[in-house]
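*Asks:* First the structure, then my questions, so here it is.
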Amino acid sequence: QTHLLGIEGLHPAEITTLLDLADQYAERMRRGLPAGDALEGLTQINLFFEPSTRTQASFELAGRRLGAEVMTMAASSTSLRKGETLIDTALTLNAMRPDLLVVRHAMSGAVALLAQKVTNCAVLNAGDGRHEHPTQALLDALTIRRAKGRLHRLSIAICGDIAHSRVARSNILLLQRMENRIRLVAPPTLMPAGIAEMGCEVYHDMEEGLRGADVVMMLRLQRERMEGAHVPSEREYFHRYGLDAAKLAHAAPDAIVMHPGPMNRGVEIDGAIADDVTRSVIQTQVEMGVAVRMAAMDLLARNLRAARGRAAMGEIA
Ligand code: CP
């Protein structure tokens, strides 16, 4: 792979390779060992056109831990505010010869478009509109694999605002690819049209949707992408779709609870459930985020160096 734009282009074997490497990085970090120098001599630019806490911080940490020179730019501090287009911004940054470009953008497809405009640089999608958030799905997969000991034949309930969620889309693609049973639970207004055709089970009731699930993944209401759609009141939403102890009791007794963050306590999840470390793996998800981003950038850097090596050989020949 030259870029990491989505789960859509990944083969199950590539997913497993990346998770295995991320697992090794996670283990090294847990033991306080140095991570190595896989990105030594490389420049990483993080370009975030939408707010982020977890993704931005973990990409930055991942790059630094592997020896890259890292620069992070927020949209509010770029010339986009003065009317420059995304493509002109990309070409400007490309002229500075970065090796890794990490991009988050509000428009679906924007990161892929940008990847077509840059040369000699690996582009990583840190979330584009409601399209994909591949590193989130990969860190979720690693968290599940570590908690459950496997990443196949699990019953996984993804609950909440699925219609506006790039996290849900990337997770559905990845978890189906690894042969899991996917149950989507949402009010009809927050369920994407035609989703059943992707092979997912569709539920509008939490009790039915969570029955026997091994993994319960909660999503927040993404009001920034709702564009006039009916937004339920938070109290009404929590009553019907918020994860509390009574609803979680319908899942498997050893079910784990996940949330990609940012989390709205008392809206899609009861704070007591989120904090219950016997069930919640939310902090592990954050921890795995750094390891997965280290692995993703390490693998892309290897491909980049190999491509440069081939190009150099071609020039000599
Ligand atoms: N999960 C996630 O993408 O969080 P941030 O928006 O804080 O990066």
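The values are calculated or read from the model by the stated rules, or taken from the named source; none is laboratory data. Given the structure is predicted, the values throughout are model-derived calculations rather than measurements. Cβ placement follows ideal geometry from the backbone for every residue including glycine, while neighbour counts extend to all protein chains displayed. Note: areas computed on protein heavy atoms with side chains; ligands, DNA, RNA excluded. Shrake-Rupley method; radii C 1.70, N 1.55, O 1.52, S 1.80 Å.
*Asks:* Hey, can you tell me all the residues within the stretch 146-173 that are in contact with a strand residue (DSSP E or B) (Cβ under 9 Å, 6 or more places away or on another chain) and not in a helix (DSSP H, G or I)? Write out each step before concluding.
*Replies:* In the first step, residues of the stretch 146-173 are kept if they are in contact with a strand residue (DSSP E or B) (Cβ under 9 Å, 6 or more places away or on another chain); the result is 147-148, 153-160, 162, 165-173.
Those that are in contact with a strand residue (DSSP E or B) (Cβ under 9 Å, 6 or more places away or on another chain) and not in a helix (DSSP H, G or I): Arg153, Leu154, Ser155, Ile156, Ala157, Ile158, Cys159, Gly160, Ile162, Ser165.
*Asks:* Scan the stretch 181-195 for residues that are at negative phi, over 22 Å from the mean Cα position of the chain (by Cα) and open to solvent by less than 60 Å² (accessible area, probe 1.4 Å) and jot them down.
*Replies:* Residue satisfying the conditions is Pro187 alone.
*Asks:* Shifting gears a bit: Looking at the stretch 290-303, is at least one residue buried (at least 19 other Cβ atoms within 10 Å of the Cβ) and more than 17 Å from Gly36 (Cα to Cα)? Steps first, please.
*Replies:* At the first step, the residues of the stretch 290-303 found to be buried (at least 19 other Cβ atoms within 10 Å of the Cβ) are 290-301.
The next check asks that each one be more than 17 Å from Gly36 (Cα to Cα); those that pass are none.
So far as the stretch 290-303 goes, no, none of its residues is buried (at least 19 other Cβ atoms within 10 Å of the Cβ) and more than 17 Å from Gly36 (Cα to Cα).
*Asks:* If you don't mind, another one. If I ask for residues that are within 16 Å of the ligand (Cβ to nearest atom) and among the charged types (D, E, K, R), which ones from the stretch 133-161 would you list?
*Replies:* Once the filter is applied, which keeps residues that are within 16 Å of the ligand (Cβ to nearest atom) and among the charged types (D, E, K, R), the stretch 133-161 yields Asp140, Asp161.
*Asks:* Taking helices (runs of 4 or more DSSP H) that do not extend beyond the stretch 1-104, which have at least 3 residues that are more than 15 Å from Val290 (Cα to Cα), open to solvent by 40 Å² or more (accessible area, probe 1.4 Å) and not charged (D, E, K, R)? Working first, answer last.
*Replies:* Details: elements: 12-30, 54-65, 86-95.
Fully inside the stretch 1-104 and qualifying: 12-30, 86-95.
*Asks:* Out of Ala213, Ala251, which single residue is assigned to a loop (DSSP other than H, G, I, E, B), touching a Ser or Thr at 6+ places or on another chain (Cβ under 7 Å) and aliphatic (A, V, I, L, M)? Step through it out loud before you land on a result.
*Replies:* Details: Ala251 fails: touching a Ser or Thr at 6+ places or on another chain (Cβ under 7 Å).
Of Ala213, Ala251, the one residue that is assigned to a loop (DSSP other than H, G, I, E, B), touching a Ser or Thr at 6+ places or on another chain (Cβ under 7 Å) and aliphatic (A, V, I, L, M) is Ala213.
*Asks:* Counting only residues that are within 14 Å of the ligand (Cβ to nearest atom) and among the aromatic types (Phe, Trp, Tyr), which one in the stretch 21-71 is farthest from Asp298 (Cα to Cα)?
*Replies:* First, pick out the residues of the stretch 21-71 that are within 14 Å of the ligand (Cβ to nearest atom): 46-62.
So of that shortlist, the ones also among the aromatic types (Phe, Trp, Tyr) come out as 48-49, 59.
Values: Phe48: 21, Phe49: 24, Phe59: 12 Å.
Result: Phe49.
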